[in-house]
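Below is one structure; the comments refer to it alone.
The values are calculated or read from the model by the stated rules, or taken from the named source; none is laboratory data. Fair warning: this is a prediction, and the values are worked out from it, not measured in the lab. Note that we place each Cβ from the backbone using ideal geometry, even for glycine, and neighbour counts take in every protein chain shown.
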Amino acid sequence: MFTRESFTVEEWAKILSAPSAIGAMVVTADPSGPMGLIHEFRAIMNSMKGYVDQHAADNSLMAIIRDYMATKPSEEEEEQLKEWAQAQEAEAKANRPQTTEEVQERIRATVTEALSMLREKGATDDDILVFKRMMVHVAEETANASKEGGFLGIGGVRVSEKEASVLAQIKSEMGV
């Protein structure tokens, strides 16, 4: 059984960044206009929270993620998070991806690292499956958050061909 202390601040950041990165993968597949981007990024966080809340009662990993997300970090944890975020930002600036494929490879690496770390910490196969399903859920909700194409919301499609392709790829890679 997991507790908040089962993971370091950096490990928590990695756990929570994996589903967010998957959502970003969908966003970058076919970027929307400014309002669409707002809807899509909001969908990442809302769908993640909604999924965690929905599954916290029947999965210990989701329960502890819900508790972690609902608890204000201590000053020390906030400082550690800032340091981690700054290091991530510096790394991203120093090694800026040049193509969408490079962005997707980095996201895959983020997800692989989070899944490996969860397994090393004792996550069960069920925990991993529920976590993977959360990432697919986030991807689907992000893709459905705004229309692609059209003008001022008129016309367009809910999920573009590029987004549908990335969704299929995510589902295949997650095995769900």
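Selection of first residues in the range 56-72 that are without any contact (Cβ under 8 Å) to a residue 12 or more places away in the chain and of second residues that are of a type in the set (D, E, K, R), restricted to Cβ pairs under 7 Å at least 6 apart or on distinct chains, gives the following pairs, ordered by first then second residue: Ala56/Arg66. If you check Arg96, Arg66, Arg108, Arg119 for being charged (D, E, K, R), farther than 14 Å from Ala18 by Cα and surrounded by 15 or more Cβ atoms within 10 Å (Cβ to Cβ), only one passes: Arg66.
Which of the residues that make up the range 6-28 are more than 15 Å from the chain's Cα centre (by Cα) and either modelled with pLDDT under 90 or among the hydrophobic types (A, V, I, L, M, F, W, C) (or both)? Hits for the range 6-28 are Phe7, Val9. Checked against the criteria, Ser165 does not count as surrounded by 11 or more Cβ atoms within 10 Å (Cβ to Cβ) and outside any helix (DSSP H, G or I). Of the residues in the range 112-121, at least one is β-branched (Val, Ile, Thr), within 17 Å of the chain's Cα centre (by Cα) and farther than 24 Å from Met1 by Cβ. Answer with yes or no whether Glu105 is free of Cβ contacts under 8 Å to residues at least 24 places away in the same chain and under 22 Å from Phe41 (Cβ atoms). The answer is yes for Glu105.
If you check Gly23, Gly36 for being in contact with a Phe, Trp or Tyr (Cβ under 9 Å, 6 or more places away or on another chain), of a type in the set (Gly, Ala, Ser) and buried (at least 17 other Cβ atoms within 10 Å of the Cβ), only one passes: Gly23. Restricting attention to the range 81-113, the residues being at pLDDT below 90 and among the polar types (S, T, N, Q) number 6.
Only one entry of Ser74, Ser32, Ser60, Ser6 meets the criterion of being closer than 22 Å to Ser165 by Cα and among the small types (Gly, Ala, Ser), and that entry is Ser32. Restricting attention to the range 126-155 and to residues that are buried (at least 16 other Cβ atoms within 10 Å of the Cβ) and not in a helix (DSSP H, G or I), the residue that is modelled with the lowest pLDDT turns out to be Glu148.
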